[in-house]
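In what follows, a structure is listed as structure tokens, so that the remarks can point back to it.
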Amino acid sequence: MKLSYQSVFSAILLFVSSASLIGCQSTNAPPADLTLLDNAPFKVLPVESQKEIFTLDEHIVDTLNQNFKRSEQPELRRAEVIMQFLLDNGDNTLSYMSDANLTASQAYHNLNANCLSLSILAFSLSEYLNLKGQFQKVHVPEYWASSRGYNFLSGHINLKVYEDRAKFIGKNVLHTSPKTLTIDFDPNSRRQAFRTTEITKDRVTAMFYNNKGAINMVEGRKDQAFSYFQAAIEMDSQYSSAWANLAILYRLSGKLKIAEKMYNQALALNSNNNTAKGNLAVLYDMTDRSEQAEQIRAQLYQVRKSNPYYVITLGNEALEQGNAVKAINLYRDALKLDKRLHEGHFALAKAYFALGKLELTKRHLQRALALSQFKHNQLQYRGKLEWLDAVAKN
């Protein structure tokens, strides 16, 4: 699914790592029309229940019991110890388009997980330690990653943990301000202190289903994808992104009329869902309504033109079309907006390599390495630098 300066690309919303949200949920959204799910041309397959997503297995419970006596105080300090373990060990795993959408127990045993899965694990661990956990949506700039012909717009959440004062009801305890601990698996988010909005456990469960549905859709498993999107909507019918992704599935299946209704449903629930708007423009193109599509594109460009990640995505499109010079100009524009984006330097390295300019390729790979914070990015850049050195010697 392509994009250009004039056109809006198709995107799928995922909550996978240090990335973005697409606007705020409307507080006055009408009830969702669940009849849109009727007579679906897909087979409904089993998905994980909410209990299965959040349950800690016996091994984890035994480990917690051995390391933390439930009567010890202070509780928040006990949470800090185990959460620090997750922060120390979960850094190098936050990758796009991996099978990283894990339940709490799976994430504990395999820390190759995304921010959503690690936050679910942190919530379950906190709950077992008699702490209250509150999920939070983090409002960060829109961020895209491309894979398998799709653009993925990713969202970010974290978890606020605090002592459960309800346990002290009826006891002679002097209450002060509750102590809190924010668990955030993205160092960029932790450093910049973005605005947050509280979200429910049901919304997080819907996000989990939405992620799984998106992965299955891209991999061509349409029945499984539908089953996850339907589960997301049944868990939280007000979750706009699940409706928008389900609309993509219907569009890919040639069901354009119902897809359009689902895009409009997504926008009725969240008028700021720019992903749904962009995908609706694609559908308008497919149904000979180019003027309406262009109106959406013009609106979205005005919203996104100051976002360096959007400009990088435009550059990626130019590079895919074989226009490396245009791509370089766009990548430079993105770095003018934010000179510390390692993604911008990596993009420049790819463009210069396409032109055969190996010295400039190496220079920008080194700059990308210096600016990157996640271990998986650092390993990627080091590997490419080593490969580039080997190519130069030959």
| query | Put a dot 7 Å past each Cα toward the Cβ at SER49 and THR182; how far apart are the dots in nm? | reply | 3.5 nm
| message | Taking R0 as 41 Å, what FRET efficiency do you get between ALA354 and SER290 from their Cβ-Cβ distance, rounded to the nearest 0.05? | response | 0.85
| said: Using each residue's phi in the stretch 268-276, evaluate 6.51 cos²θ - 1.76 cosθ + 1.60 at θ = phi - 60° and report the 3J(HN,Hα) Karplus result to the nearest Hz, with x for Gly and Pro. | reply: 5, 7, 8, 5, 9, 6, 5, 5, 4
| request: Note down the nm distance, to one decimal, between modelled labels 7 Å out along Cα→Cβ at LEU256 and at ARG195. | output: 3.8 nm
| message | What's the ranking of 236-245, 376-385, 31-40 by average number of surrounding C-beta atoms within 10 Å, highest first? | response | 236-245, 376-385, 31-40
| Calculated FRET value between ARG332 and LEU34, using beta carbons and R₀ = 35 Å, to 0.05 | 0.15
| request: Can you pull the one-decimal nm distance between simple spin-label points at GLN373 and TYR301, each 7 Å off the Cα toward Cβ? | output: 3.3 nm
| remark: With a ≥ b ≥ c from the Cα gyration tensor eigenvalues, square-rooted, and the rule rounded for a/c under 1.5, otherwise prolate when a/b > b/c and oblate otherwise, the stretch 308-393 is oblate
| note | Any lysines whose Cα falls less than 25 Å from that of LYS255, other than same-chain ones fewer than 8 residues away, would be LYS2, LYS43, LYS212, LYS222, LYS277
| request: Rank by packing, highest mean first: peptides 264-274, 47-57, 109-119, with packing defined as the count of other Cβ atoms within 10 Å averaged across residues. | output: 109-119, 264-274, 47-57
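Read-outs throughout are calculated quantities, based only on the coordinates presented, and are distinct from any laboratory measurement. Keep in mind that what you see is a predicted model, and the values were worked out from it rather than measured. With ideal geometry, Cβ positions are generated from the backbone for all residues, glycine too; neighbour counts draw on all protein chains shown.
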